[in-house]
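I have placed the structure first, in the form of structure tokens, so that the comments after it can refer back to it.
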Number of protein chains: 2
Amino acid sequence: MNVVALSGGFGGAKLVRALVETLGGDGVTAVVNVGDDLDFLGVRVSPDLDSVLYALAGVADEARGWGRAGETWNALDTVSTLGGTDWFKLGDRDLGLHLVRTEALRSGEPLSSFTVRAARAFGVTATLLPATDDELRTFLTTPAGTFSFQEWFVARGHRDEVDAVDFRGDASAAPGVLEAIGAADLLLVGPSNPYVSVGPILAVAEIRAAIGARRVPCVAISPLVGGRAVKGPADRMLARLAGGTTPAHVASVYRGLIDALVVDSDDDVSGLDVQPIVTRTLMEDAESRRRVVEAALSVPV
Amino acid sequence: MNVVALSGGFGGAKLVRALVETLGGDGVTAVVNVGDDLDFLGVRVSPDLDSVLYALAGVADEARGWGRAGETWNALDTVSTLGGTDWFKLGDRDLGLHLVRTEALRSGEPLSSFTVRAARAFGVTATLLPATDDELRTFLTTPAGTFSFQEWFVARGHRDEVDAVDFRGDASAAPGVLEAIGAADLLLVGPSNPYVSVGPILAVAEIRAAIGARRVPCVAISPLVGGRAVKGPADRMLARLAGGTTPAHVASVYRGLIDALVVDSDDDVSGLDVQPIVTRTLMEDAESRRRVVEAALSVPV
């Protein structure tokens, strides 16, 4: 069975890990957001790709919710001593990946090719792909001005309300993405932020069109539990941009692209215009991860 | 009293530290070799400048003889996992400096300006200057071929005998270097490798000319103790390129540029054509460092 999951960094990574635990890695392809990639201290950082990679490689810091377990922060400590830019928290283990990726990109290797290599080097059996090899960047319009994703999210602590999300860059799907979608028996949208994690993937016109033209079900997992985001500002953004924080509001962002929505049993499914699949959606351990995957797979393929 | 010391990374750093301990930092200027600088994993590494910086900042790993105390190697560990180039041992704390320097150089700041800033940030009171802001690179001709300094020294473990040392790049003295030499009451040449540590400094024609035209004494400290180098391949290089490993052979490399040589009491000063200053030259602690500085300063200024 071939499954393609659209993924951001936190919820998406958990879903992809759950898929691999349940189905094995061979048929699983994660198509990952790159809209919040950034160049920092001269290295290219791909936070969402790396979160999925670390989750699948078993080296993620699960308690912190980002970055690598057993991480140290000594390079950044020197950067701070020197008065350098240190608002983005680059760990030492993490930094090694960015150094090698930056060299690969500079030498002309596409991000997708590097990502496949990196996943293999970390012993990951699933296929990890960036949505695009092109530079697609997420910008947020807020009352305080327009910011790149990481300026808004990290440097300003996502304190500014978001009035609009825009994507800059003319992006084609990375090699392998459309093929994986075409060969999938099931398409999934991870429980990531619909606007800033899944949105940049769907902003690649070829990917949106391929999902729109699907002949297999597409199932999203709601990022909400009891009307609140498990992590991050998805609930505040849904309230402001979609008018509320129910499953119906989540589904409205994916109009025409999903056939079912896995929703938490604490949420109210009234007004939902796609098939609801109700379960406990919090993925805290292997059992709860399996429960979410089984719910998503329960849609008749 | 103003003192300028030409310095490589290990012996030179010890001498500069000794000078600062004895005279205070205000009048001390270190002019440091950059011939073994390299670009590695996309960052610019200046091993000798950094050794002097770390020694003066009190953050050097004295037992290991290079790099920083309390260092970790987690970034390089990831690089190795990914199959990246990992033959040059970049520690995490060290890497932070390279990241900030690389960004500074890319933005157009000269190396000398960055070095002055970095030294200040680390609380160093002496003046640290690269010999040149231009790219001057040391190459070694050996029976196995021609290598850049770090390829020969680190990647190949300096196992190849050296038939010739060449410097590539048309280099001017960095801002401040000629002024410091002109204002010095005493010029010193650190107990560094004459060919690959001091040689690249003297390969800057303006610096060689300024030292040649000096009106104050220039005193070198021999890197030998009992005919052997304290660290590194200086003895093997002297044997092959100068015909022996006595103080006279050291002085022959500096012909016309020095007036006196501080030599270890285990060495034979016969044939030496500059003034010998005999003492114990090994700098193992504050007392021995002071002894070497006092020997060098004993030359009538």
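Any read-out appearing in this document is the output of simple, stated calculations on the displayed coordinates, not a laboratory observation. Not measured: the values here are computed from a predicted model. Note that each Cβ is placed from the backbone with ideal geometry, even for glycine, and that neighbours are counted across all protein chains shown.
Between B:VAL225 and B:VAL230, the built amide H atoms are under 5 Å apart, and every one of these is 5 or more places off in sequence or on another chain. Of A:ARG120, A:ARG156, A:ARG106, the residue with the greatest mean-square motion in the GNM of chain A, using alpha carbon springs below 10 Å, is A:ARG106.
For label points placed 7 Å from Cα toward Cβ, what is the shortest-first list of nm distances from B:ARG159 to its copies? Copy-to-copy label distances at B:ARG159, shortest first: 5.9 nm. Less than 5 angstrom separates the built amide H of A:LEU188 from those of A:VAL4, A:ALA5, A:LEU6, A:VAL219, all sequence-distant by 5 or more or on a different chain. Distance between the C-alpha centres of the stretch B:81-131 and the stretch A:3-72: 31 Å, rounded to the whole angstrom.
By definition, a body whose alpha carbon gyration tensor gives a ≥ b ≥ c is oblate when a/c is 1.5 or more and a/b is not larger than b/c, and the stretch A:135-266 fits this oblate description. Between the amide H of A:VAL28 and those of A:VAL3, A:THR127, distances stay under 5 Å, these residues lying 5 or more places away or on another chain, with hydrogens modeled in the peptide plane. With the helix formula -39500 (n - 2.57) applied to DSSP H stretches of n ≥ 4, the protein assembly as shown reaches a computed 222 nm mean residue ellipticity of -10000 deg cm²/dmol.
Looking at chain B, what % of its DSSP beta bridges pair antiparallel, to the nearest 5? Taking every DSSP beta bridge within chain B, about 40 percent pair in antiparallel fashion. Helix B:11-23 sits at what angle to the longest principal axis of chain B, using alpha carbons and giving 0 to 90 degrees rounded to 10? Tilt of helix B:11-23: around 70 degrees. Within the stretch B:170-279, antiparallel bridges make up roughly 15 percent of the DSSP beta bridges whose residues both belong there.
Using Stokes-Einstein with the Kirkwood hydrodynamic radius over Cα pairs, what translational diffusion coefficient do you get for the stretch B:7-82 at 10 °C and a viscosity of 1.306 mPa s, in µm²/s rounded to a whole number? Value of D from the Cα-based Kirkwood radius: 117 µm²/s.
Once you have the alpha carbon radius of gyration of the stretch A:3-297, what is it after dividing by 2.2 N^0.38 Å, with N set to its residue count?
Normalised Rg, Cα atoms only: 0.94.
Dividing the Cα radius of gyration of the protein assembly as shown by its Kirkwood radius returns 1.12 for Rg/Rh. Helix A:111-121 and the long axis of chain A differ in direction by around 90°, with both axes built from C-alpha atoms. The other copies place their B:GLU287 label points at 6.9 nm from this one, listed shortest first, where each point is 7 Å from Cα along Cα→Cβ. Once both axes come from the Cα atoms, what is the angle between helix B:92-106 and the longest principal axis of chain B, in degrees from 0 to 90, rounded to 10? Result, in degrees: 90.
Inter-copy label distances at A:ARG255, shortest first and taken from points set 7 Å along Cα to Cβ: 8.8 nm.
Within 10 Å of the Cβ of each residue in A:42-48, the mean number of Cβ atoms contributed by other protein chains is 3. Placing R0 at 25 angstrom, the Cβ-Cβ distance between A:ARG106 and B:THR146 gives a FRET efficiency of 0.45 after rounding to 0.05. Spin-label model, B:ALA205/A:GLU21: points 7 Å from Cα along the beta carbon direction are separated by 7.0 nm.
In order along the stretch B:272-277, the Karplus-derived 3J(HN,Hα) couplings, from 6.51 cos²θ - 1.76 cosθ + 1.60 at θ = phi - 60°, round to 6, 9, 10, 5, x, 10 Hz, and Gly and Pro are given as x.
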